[in-house]
Amino acid sequence: MFILYTITDNFAPQLSASIISVCENNKEVPSIHFYILGQGIKTQTEEKLQQIVSSYQRTMEIIQIDGFEDVFGNFDTTGWNKIVLSRLLIACFLPESVRRVLYL
């Protein structure tokens, strides 16, 4: 199972809680791989997330997408963080081998 999140470093606590919930409630699933499209993810945050994922014997890949919003130009997100636009480019960031992903 492939699961995808898009976050900035500010949302790491919420991401951690979500990853723990997915892992705790899907113990029977043989394989879960988390993709995280991140903007400004700090090394310390990445290490903490990796510890959580590894403790459940799951895998994770953080894909830094700093600057992705340049594709959209001056786009008004009506107050939302611009990271919400990254979901429109998911196919550009994930490996071609990923045919289906659950976006949370």
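The values are calculated or read from the model by the stated rules, or taken from the named source; none is laboratory data. Given the structure is predicted, the values throughout are model-derived calculations rather than measurements. Cβ sites come from the backbone with ideal geometry, for glycine too, and all protein chains shown count toward neighbours. Ligands, DNA and RNA are stripped out before the accessible areas are found, and what is left, the full protein with its side chains, is counted by its heavy atoms. Shrake-Rupley method; radii C 1.70, N 1.55, O 1.52, S 1.80 Å.
For first residues located in segment 52-63 and under 15 Å from Ser21 (Cβ atoms), partners that are among the polar types (S, T, N, Q) and surrounded by 14 or more Cβ atoms within 10 Å (Cβ to Cβ) and lie 6+ apart or on another chain with Cβ distances below 6 Å form the pairs Ile52/Ser16.
Please count how many residues of segment 68-104 are open to solvent by less than 60 Å² (accessible area, probe 1.4 Å), at pLDDT 65 or above and assigned to a loop (DSSP other than H, G, I, E, B). Adding up the residues that qualify gives 4. Could you tell me which residue of segment 1-19 is most open to solvent (accessible area, probe 1.4 Å), considering only residues that are in contact (Cβ under 8 Å) with a residue 60 or more places away in the chain and aliphatic (A, V, I, L, M)? Step by step, filter segment 1-19, then rank; the result is Met1.
Taking residues in segment 20-36 that are over 16 Å from Ser97 (Cα atoms), and partners anywhere that are among the charged types (D, E, K, R), the pairs with Cβ atoms closer than 9 Å and at least 6 places apart or on different chains are Val22/Arg58; Cys23/Arg58; Ile36/Glu46; Ile36/Glu61.
On the stretch given as segment 32-50, residues that are of a type in the set (Gly, Ala, Ser) and over 11 Å from Asp9 (Cα atoms) total 0.
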